[in-house]
Amino acid sequence: MKLEMAKAHFKYLALNIYFEEIEKTKFKDSRILPLLTALGNIYALKQLKDDSTVAFASGFLHPDALRNIRLGLDQLIQNIRP
């Protein structure tokens, strides 16, 4: 259990660092930041979807949340496709 918590914490830290860095970066093309933000959101939702057992079992996430996570993932993916 401690190993899973440590892994989750490192993923959380990495994602926070990712978002902080892309926000600080001045991109020449204004379309880059929204794309990188969407990719970060896709990663976060995918991690939540793939490893949500404890969150659902504890009642932290409502049973309908998984459907909403999938819908959010689908919408984000559609938005970044050319």
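The values are calculated or read from the model by the stated rules, or taken from the named source; none is laboratory data. All figures in this text were calculated on a predicted structure; none of them were measured in a lab. When we count neighbours, we look across all protein chains shown, and the Cβ atoms used for this are built from the backbone with ideal geometry, even at glycine.
For (1) surrounded by 10 or more Cβ atoms within 10 Å (Cβ to Cβ); (2) modelled with pLDDT of 95 or more; (3) within 26 Å of GLU4 (Cα to Cα), each residue gets a yes or a no:
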residue	(1), (2), (3)
PHE19	yes, yes, yes
ASP29	no, yes, no
ALA57	no, no, yes
LEU66	yes, no, yes
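Please enumerate the residues belonging to segment 15-43 that are part of a helix (DSSP H, G or I), closer than 26 Å to LEU71 by Cα and over 17 Å from the mean Cα position of the chain (by Cα).
ILE32
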